[in-house]
Every structure is written in structure tokens, then in C-alpha cells.
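Below is one structure, written out as C-alpha cells; comments come after it.
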Amino acid sequence: MSLQIQMLGTGSAFAKTLYNTSALVRSTNGNVLIDCGYSTPKSLHEINIQPDQIDGIIISHIHADHVGGLEEMAFRLLYEFNHKKTKLFLTQSIAAILWENTLKGGMYNPSDGFTRIEDYFEIVLIDEHIPTEILPGFTVEMITTMHIPHKPNYSLFINDRTFYSADTQFNAELLMQEVVNKRNCHTILHDCQLSGYGAIHATLEQLLTLPHDIQERIYLMHYGDNMMNYIGKTGSMRFIQQHEVLTLS
Ligand SMILES: O=c1ccn([C@@H]2O[C@@H]3COP(=O)(O)O[C@H]3[C@H]2O)c(=O)[nH]1
Ligand SMILES: [Zn+2]
Ligand SMILES: [Zn+2]
């Protein structure tokens, strides 16, 4: 079975010409989103995918550029698609905060009986660090990574051979030991802050310190509007672009 990942956006949180970094995993067994930022529903619309064609959504962390499109997805599934509930794949740590800290403000509607996240989505809890089948032929392992101290945050292994960083600080040991030496991932999608001090994201400068054979596996995502100024300056790493498709297996 062929598994494809299509980028719905590749921009940083504050990019104005790029959509939020999120991805659509496509297979004959279904379509699953990795993150759903505030511009993700528009990107799906541009490739003619309707909300009811999304079988599930995996959430890496609760910044708005990764979850800000969930309210639209939920409301459209409710009001335009006959209350179809899509699956929301969450770790316990994300489930504990996503409704109370993010979604409840816009979606709490007691007079119509919508008071819990389960009233909108089918919640599927997944364990950290345990490979979990999301769809037949599509397995995800969510590993804890450091983004904002003291806030839950995850990167993903897809079928053990693709690493999707979502948002994370640079971690050379993880990339060299776990991602490449141990699992021999052929594809690495990594966030990349092009300029400025990289307190919470991997910077281009940091990623350029990786050995050439690791850089060759890396596609850069979550970059700023000034990406064009960096073409040819990313070592052996490539920028992935919106709606580009990679075949993973
Ligand atoms: O401690 C913090 C918290 C946030 N921020 C900024 O807000 C953005 C939120 O989304 P993001 O995680 O894609 O990127 C973040 C940064 O651009 C930051 O620089 N330092
Ligand atoms: Zn982000
Ligand atoms: Zn973030």
C-alpha cells in the first residue's frame, strides 16, 4: 500500500504568505491530518478535500498554528456534514488541555448540549512512545520533544522510517542516534527557523551542523516568508513546499 504525505502548509507561525505547517497523510485506507492550524481548512479546500473526507487528525501541541483550524473543522462537520465526528488522535497530556485551554472558548454551547470535546470529535487516546496504527498501513509513534518548557509537545515517527518533527528545539542526539542510527529514517521533515535566536525551534544554523548524510534526508518546513533568500544556503537540505507530495512507502 502506498502512503503519501502532502504538505498543507509549510510556514512558521507568523508567516503571512505561507500557510500553517500541517500535513495530509493520504492512502487508499483514508486521509489523516497531522495538525490543523487556522489556515489548514483553506489549504484543504484548495486541493478539493472536504472536512468529511478527513478520517482523523493527529495533534502535536496546542499552539494556534497547529490547532487553530479545529473549531472550523468541528463546526463544519456538525452543521454542513450532518454531525459527522472525525477522530482526534491525542496523547493523554494533549487531551487534558486541548478543550479546557483552547477549544472551549469558541465551542462550549450548553443550550445545544455541546459541552465536551467528545460532543464534536471521536477522541482516540494514544500512548506516548508506543507505535499505534492510525489506519491500516499507517502507524504513528508520538515521542515527547522539547518545544516550550513544561508544555506537552510531540514529534512523530511514521511507520518507523519517517520522522516528522512538528515544532521542536534542535536535538542533534535525537536526530543522529535515534532517527538515523537506530531507525534509519529515510525521510525527515523538520521545522526550521531561518533567522534570529532559536529558543524554541531548530534554527537553520543548528541544522547545518548535522553531517551531510543526515542533511540529505531532511526536508525543511515551518519556515518564514523570507525563505527565498535562503535557497542555495541550506547545505544538503531542501525546502518542502505547500501541496508537495512525498511517497513514504
Ligand atoms: O516562548 C515562546 C513562545 C512563542 N514564541 C513564538 O510564538 C510562536 C507560536 O507558534 P510556534 O511554536 O510555531 O512559534 C512560536 C514563536 O514564533 C516564541 O518565540 N517563544
Ligand atoms: Zn508552529
Ligand atoms: Zn509551536
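Laboratory data are not the source of any read-out in this text; all were calculated from the coordinates shown. What you see is a predicted model; the values in this text were computed from it and never measured. A quick note on method: Cβ atoms are made from the backbone with ideal geometry, for glycine too, and the neighbour counts reach across all protein chains shown.
Looking at (1) under 21 Å from Gly137 (Cα atoms); (2) part of a helix (DSSP H, G or I), can you tell me which one Asn101 breaks?
All conditions pass for Asn101, except number (1).
Within 22 Å of Pro131 (Cβ to Cβ) and in a loop (DSSP other than H, G, I, E, B): is that true of Ser93 in this structure?
no
Here's the yes/no breakdown for (1) surrounded by fewer than 16 Cβ atoms within 10 Å (Cβ to Cβ); (2) touching a Phe, Trp or Tyr at 6+ places or on another chain (Cβ under 7 Å):
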site: Ile126; (1), (2): no, yes
site: Pro131; (1), (2): yes, no
site: Pro136; (1), (2): yes, no
site: Met142; (1), (2): no, yes
site: Thr145; (1), (2): no, yes
site: Ile148; (1), (2): yes, no
site: Thr162; (1), (2): no, no
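Check whether at least one residue in the stretch 56-68 is farther than 23 Å from Pro152 by Cα and hydroxyl-bearing (Ser, Thr, Tyr), and report yes or no.
No, that holds for no residue.
Say we look at the stretch 149-192 and pick out the residues that are part of a strand (DSSP E or B) and either of a type in the set (Lys, Arg) or under 26 Å from Asn101 (Cα atoms) (or both); which of these is nearest to ligand 2 (Cβ to nearest atom)?
Asp191
Scan the stretch 145-172 for residues that are more than 11 Å from Ser60 (Cβ to Cβ) and of a type in the set (Val, Ile, Thr) and jot them down.
Ile148, Ile158, Thr162
Filter the stretch 31-79 for residues that are buried (at least 20 other Cβ atoms within 10 Å of the Cβ), of a type in the set (D, E, K, R) and farther than 19 Å from Ala96 by Cβ and give the result.
Within the stretch 31-79, just Asp65 meets the criteria.
Considering the stretch 27-39 alone, what residues qualify as being without any contact (Cβ under 8 Å) to a residue 40 or more places away in the chain and farther than 19 Å from Ile123 by Cα?
Within the stretch 27-39, Thr28, Tyr38, Ser39 meet the criteria.
Residue-by-condition table, conditions (1) of a type outside the set (A, V, I, L, M, F, W, C); (2) in contact (Cβ under 8 Å) with a residue 60 or more places away in the chain:
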{"position": "Lys85", "(1), (2)": "yes, no"}
{"position": "Gly113", "(1), (2)": "yes, no"}
{"position": "Glu128", "(1), (2)": "yes, no"}
{"position": "Pro131", "(1), (2)": "yes, no"}
{"position": "Ile134", "(1), (2)": "no, yes"}
{"position": "Ile143", "(1), (2)": "no, no"}
{"position": "Asn153", "(1), (2)": "yes, yes"}
{"position": "Gln169", "(1), (2)": "yes, no"}
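Kindly list the number of the only condition in (1) away from ligand 1 (no atom under 16 Å from the Cβ); (2) polar (S, T, N, Q); (3) surrounded by 23 or more Cβ atoms within 10 Å (Cβ to Cβ) that fails for Thr28.
(3)
Within the stretch 47-89, restricting attention to residues that are outside any loop (DSSP other than H, G, I, E, B), of a type in the set (A, V, I, L, M) and within 16 Å of ligand 3 (Cβ to nearest atom), which residue is nearest to Thr144 (Cα to Cα)?
Going residue by residue through the stretch 47-89, those that are outside any loop (DSSP other than H, G, I, E, B) are 51-53, 56-58, 64-67, 70-79, 87-89.
Next cut, of a type in the set (A, V, I, L, M) only: 57-58, 64, 67, 70, 73-74, 77-78, 88.
With the extra rule that they be within 16 Å of ligand 3 (Cβ to nearest atom), the set shrinks to 58, 64, 67, 70.
Working: Ile58: 14, Ala64: 19, Val67: 18, Leu70: 22 Å.
Here the residue is Ile58.
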